[in-house]
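Below: the structure, in structure tokens.
The values are calculated or read from the model by the stated rules, or taken from the named source; none is laboratory data. Just so you know, these numbers come straight off a predicted model, no measurement behind them. Note: ideal-geometry Cβ built from the backbone for every residue, glycine included; neighbour counts use all protein chains shown. Just the protein is used for accessible areas: all its heavy atoms, side chains included, with ligands, DNA and RNA removed. Shrake-Rupley method; radii C 1.70, N 1.55, O 1.52, S 1.80 Å.
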Amino acid sequence: MSGIKLKVLVGLVWIFVAQHSNAQDVNELVRKVKAKLDLVNDYTAVGKMKTDVAFIKAPVGAVKMFFKKPDRFKLQRNGGISVLPKGGVSFNMGNLLAATGFTAIDAGTGEVAKIKTRMVKLLPNGDNNDVILSTLYIDESNLLIIKSVTTTRENGTFEMEMSYGKYATYGLPDKVYFSFNAKDYKLPKGITLEFDDADKAIKEKMKGKKGRVEIIYSGYEINKGIADQLFK
Amino acid sequence: MWTHLQIELYKIFKRPRTYLAFAAITALIGVIQLGLKVDGKEYTEFVMADFATSFSVDGNILNGYFICYVILQLLLVHVPLLIALIAADMISGEANMGTLRLLLTKPQSRTAILLAKFLAAVVYTLLLLIWIAIMGLLFSMLIFGTDDLFLMKSSYVVIVKESDVFWRYAGAFCFAALAMVTVAALGFFLSFFAENSIGPIVATMSVIVVCTILSTMNIPLFNTIKPFLFTSHMNNWKEFFDFKVNDANEAIIGTIQNPQKIIQSSCILFAHIVGFVGAAIILFRKKDILS
Amino acid sequence: MQDIVKVSHLSKHFGSLTAVNDLSFSVQPGNVYGFLGQNGAGKSTTIRMLLTLITPSDGDIELFGYSIKTHRKEMLRQIGAVIEKPDVYKYLSAYENLKLFAKLSGIKPNHTLLMNQLEMVGLANRANDVVKTFSQGMKQRLGIAIALVHNPPLIMLDEPTNGLDPQGIADIRNLILHLSREQKKTIIVSSHLLNEIEQIATRILIIDKGKKLVEDSAAALFDSTQTILQVHTTNNAEALEKLSQSTWANHLKPMRDGLLIFQLSQEQIPQLNIDLVQLGIELLSLQPRNSLEDYFLQITAGKQYVDTFTN
């Protein structure tokens, strides 16, 4: 009997806490996250990039990324050729939140990779922003964005999942999974005198499959200063 | 045999016609390189028009490796003509000139004479390919630099790591050599039947053109005979430029997607060579020289 | 003496056409063996069979005592040949052609040998010119130089004077005589021209429609005691009757083309003439010829002279 009471009590406390949290302005949460990200003026990161799109066969390549406040980002492959979904990877949390203004709406809680998160829907103000809607899954205790689902005007919807390690204090991830719906992309039709038509298996395989780009960061150099012309 | 091969090579390289082929290749490759050097950006934009709407491709696509791939694709359609020019003339040309009967009254076995002639045609073919490699690959590498090789297959994109490309070209050229030797063998075989040069040259090209069309057309009726056409296999040098991926769709360096396809095609081409040359020798041994 | 060439029952059929029909002959060392026949008589086919260019349908060929089937390479080493037109590589020089074929003949030619050879045929000063610029006669001489470069004991010349001017023809004739007399070569030479063969051959075979018509030594065929006399009178049948009862009966041969044919020695002709008059036979013509000419006339039926004229 008392056991049941205890459970009810716990339940009520949970609801209260949850409501209390709800009551907390999600705008404030986003602001805090942004403030954390704002600690970084610029960074240079090295890592590896893997492209996993059914109809793209590419080797794992070493990449270098450059970021400078407010929203300048560049991904550079150390030699070689990189194929990225348009407007995709260059999009990152920093420049999303750097957008001039947004409306944050609480969308409840969720769990991503076994981490409890608060879901926040961000609606950028103004019409000329490419982002229409972005849902952030924020780890409230660490003020880290674990996942985002972003719908853009030009480049469809894509998801980013981030995991953090030693650069968590700056809000910089160790790993980013960038996934998008490959179905939305046109198959390349090469004008290459290729006569083979034996790729049906590949066509089958890619149907409805998500394309992914995975970036594994091996190190950051933070706030060391980057020349502007690098982004040109 | 060795003496005879030397003599056959001597004859080939004493003829102006032989150098015509090398000049033609130099000119063709030069034109392609010049065109791509000047307007290469437009070319890649054109080729990737569809792809570029969804993906941004970053890097030096128009590098020497890519140029060589374009050259090989274009050239390997035309090189058979240059090979036929010599190979299809090996027997018929001598019959036409009247030297065949003099040649055959010399104390050499007909098999040895024919093999020497065929080997000379093979040497010529290989030299032509080496020249293509020098002009098409090495010169392109010098002019355009090197980078990863970005290829648009008919339904997917392959990016071959720079360090993983060169051996593939070595393999591709070896395969192309086999394919071109098959053309030489065909021309050689056909040259047995005529006493003028033009006939077998035209016949060789006609066979190749017709078979290539059959190989290319996607019509069920033709699909059943496709595997038996040597032209269906000649293009499989491209298989060298496709690799296996692991479960994470990650390229496995140094692999080939369909090595069995290359082996199978090589065997079929080799069988054609043996067939054509063997038939030519068997027929030639019995042939009455009336010219 | 061993036969250098021994041909037995040789035949060649091209489909329904019989080019050579059961031909047998042999050639002894040192002979100039004349092979006489019209165009298409089977001379070239026979020579090509001797050179292994054509496979016989039937019969055997032995060269130097060995079958050509089993000892092809060894036999060809002993033969030098010019077959009809002297075709060589036009884009190569005379010297290069000679060197190339010398190697193919199984010898290692040195410069002196090659130049001597070209000297012999009078081409030393044109050694480095491409053959494209040569006249037919020069090409023919180069062809002969090629045939002789490996010093073969047996030489086969198929229509060697075809397309040559009178000087060229004379040059070839002299060369053949030189090779035969000075160098003791055995030579087989074919021609459709009687006067050409009769000036050089020591033994002659006349071939017609693939078959041997006659084969004999030149001496026998030119024998003046065996002169063939063709007699035309106002009435040949009546003349034959009268002659059958005369002393000339045993010199009479069967009539040919309605004409009377005698075989006798040249010295007997004046006496025959007197006797004919005494027998009251009115003579229209009287034509003596040696037996070679006679055989040749039989196969050509007068065409020969037209050929000679047009040549």
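Points worth noting:
- B:Ser155 more than 22 Å from B:Val79 (Cβ to Cβ), open to solvent by 10 Å² or more (accessible area, probe 1.4 Å), within 14 Å of chain A (Cβ to nearest Cβ) and at pLDDT below 95: no
- Residue in the stretch B:204-217 that is over 16 Å from the mean Cα position of the chain (by Cα) and outside any helix (DSSP H, G or I) present: yes
- Checked against the criterion of being within 13 Å of chain B (Cβ to nearest Cβ), closer than 30 Å to B:Asp242 by Cβ and in contact (Cβ under 8 Å) with a residue 60 or more places away in the chain, the stretch A:26-47 has no qualifying residue.
- Complete set of residues in the stretch C:20-52 that are over 22 Å from C:Leu179 (Cβ atoms) and within 14 Å of another protein chain (Cβ to nearest Cβ): C:Val20, C:Gly40, C:Gly42, C:Thr45, C:Met49, C:Thr52
- The lone exception for B:Val183 - which of (1) touching a residue at least 60 places away in the same chain (Cβ under 8 Å); (2) at the interface with another protein chain (Cβ under 9 Å from one of its Cβ atoms) it fails: (2)
Quick grid of which residues meet (1) out of contact with any Asp or Glu (no Cβ under 8 Å at 6 or more places or on another chain); (2) modelled with pLDDT under 90; (3) crowded, with 17+ Cβ neighbours inside 10 Å:
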{"residue": "B:Tyr169", "(1), (2), (3)": "yes, no, yes"}
{"residue": "B:Phe173", "(1), (2), (3)": "yes, no, yes"}
{"residue": "B:Ala203", "(1), (2), (3)": "yes, no, yes"}
{"residue": "B:Cys211", "(1), (2), (3)": "yes, yes, yes"}
{"residue": "B:Met217", "(1), (2), (3)": "yes, yes, no"}
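- Residues satisfying the stated conditions in the stretch B:30-47, i.e. within 11 Å of chain A (Cβ to nearest Cβ) and either under 15 Å from B:Ser140 (Cβ atoms) or outside any helix (DSSP H, G or I) (or both): B:Tyr43, B:Thr44
- Residue pairs whose Cβ atoms lie under 8 Å apart, separated by 6 or more positions or on different chains, with the first residue in the stretch B:99-115 and within 7 Å of chain C (Cβ to nearest Cβ) and the second hydroxyl-bearing (Ser, Thr, Tyr) and in a loop (DSSP other than H, G, I, E, B), are B:Thr99/C:Tyr89; B:Arg101/B:Ser291; B:Leu104/C:Thr52; B:Thr105/C:Thr52; B:Lys106/C:Ser105; B:Pro107/C:Ser105.
Yes/no per residue for (1) among the small types (Gly, Ala, Ser); (2) closer than 23 Å to B:Ala280 by Cα:
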residue	(1), (2)
B:Gln108	no, yes
B:Ala112	yes, yes
B:Ala121	yes, yes
B:Thr125	no, yes
B:Ile130	no, no
B:Ala133	yes, no
B:Ile143	no, no
B:Asp148	no, no
B:Lys153	no, no
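- Selected residue (only one of B:Ile268, B:Ile253 is under 30 Å from B:Asp89 (Cβ atoms), open to solvent by 30 Å² or more (accessible area, probe 1.4 Å), touching a residue at least 24 places away in the same chain (Cβ under 8 Å) and touching a helix residue (DSSP H, G or I) at 6+ places or on another chain (Cβ under 8 Å)): B:Ile268
- Residue that is modelled with the lowest pLDDT, among those in the stretch B:232-250 that are of a type outside the set (Asp, Glu) and open to solvent by 30 Å² or more (accessible area, probe 1.4 Å): B:Ala248
- Cβ-Cβ contacts under 9 Å between residues 6 or more apart (or on different chains), taken from a first residue in the stretch C:270-296 that is on the phi > 0 side of the Ramachandran plot to a second residue that is of a type outside the set (S, T, N, Q), are listed as C:Gly280/C:Lys242.
- Residues (touching a residue at least 12 places away in the same chain (Cβ under 8 Å) and over 13 Å from C:Glu84 (Cβ atoms)) located in the stretch C:153-171: C:Pro153, C:Leu154, C:Ile155, C:Asp165, C:Gln167, C:Gly168, C:Ile169, C:Asp171
- Pairs are defined by a Cβ separation below 6 Å, a sequence spacing of at least 6 or placement on different chains, a first member in the stretch B:54-77 that is assigned to a strand (DSSP E or B), and a second member that is at pLDDT 85 or above and open to solvent by less than 10 Å² (accessible area, probe 1.4 Å); no pair meets this definition.
- Neighbours by Cβ (under 6 Å, 6+ apart or cross-chain): first from the stretch C:132-146, under 19 Å from C:Pro166 (Cβ atoms) and open to solvent by less than 40 Å² (accessible area, probe 1.4 Å); second modelled with pLDDT under 90 and in a helix (DSSP H, G or I): C:Gly137/C:Gly168
- Residue among C:Leu154, C:Leu164 that is farther than 30 Å from C:Pro288 by Cα, open to solvent by 10 Å² or more (accessible area, probe 1.4 Å) and among the aliphatic types (A, V, I, L, M): C:Leu164
- So B:Leu119, is it crowded, with 20+ Cβ neighbours inside 10 Å and within 21 Å of B:Ala184 (Cα to Cα): no
- Applying the condition of being in a helix (DSSP H, G or I) and of a type in the set (D, E, K, R) to the stretch B:81-140 and asking which residue is farthest from C:Thr55 (Cα to Cα) yields B:Lys117.
- One residue stands out in the stretch B:45-82 among those that are in contact with a Pro (Cβ under 7 Å, 6 or more places away or on another chain) and open to solvent by less than 40 Å² (accessible area, probe 1.4 Å): the one that is modelled with the highest pLDDT, namely B:Phe55.
Conditions (1) on the phi < 0 side of the Ramachandran plot; (2) touching a Leu at 6+ places or on another chain (Cβ under 8 Å); (3) among the hydroxyl-bearing types (Ser, Thr, Tyr), marked per residue:
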| site | (1), (2), (3) |
| --- | --- |
| C:Gln2 | yes, no, no |
| C:Ser8 | yes, no, yes |
| C:Lys12 | yes, no, no |
| C:Leu23 | yes, yes, no |
| C:Gln28 | yes, no, no |
| C:Asn31 | yes, no, no |
| C:Gln38 | yes, no, no |
| C:Ile47 | yes, no, no |
| C:Thr52 | no, yes, yes |
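To keep it simple, each residue is scored yes or no on (1) in contact with a helix residue (DSSP H, G or I) (Cβ under 7 Å, 6 or more places away or on another chain); (2) at pLDDT below 85.
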residue: C:Val189; (1), (2): yes, no
residue: C:Gln199; (1), (2): yes, no
residue: C:Thr202; (1), (2): yes, no
residue: C:Lys211; (1), (2): no, no
residue: C:Glu241; (1), (2): no, no
residue: C:Met255; (1), (2): yes, yes
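- In the stretch B:238-249, residue nearest to A:Arg212 (Cα to Cα) [restricted to those that are in a helix (DSSP H, G or I) and within 12 Å of another protein chain (Cβ to nearest Cβ)]: B:Phe241
- Any hit, the stretch C:38-56, residues being among the small types (Gly, Ala, Ser), open to solvent by less than 10 Å² (accessible area, probe 1.4 Å) and part of a loop (DSSP other than H, G, I, E, B): yes
- Residue check, C:Phe35 within 30 Å of C:Leu123 (Cβ to Cβ) and in contact with a Lys or Arg (Cβ under 9 Å, 6 or more places away or on another chain): yes
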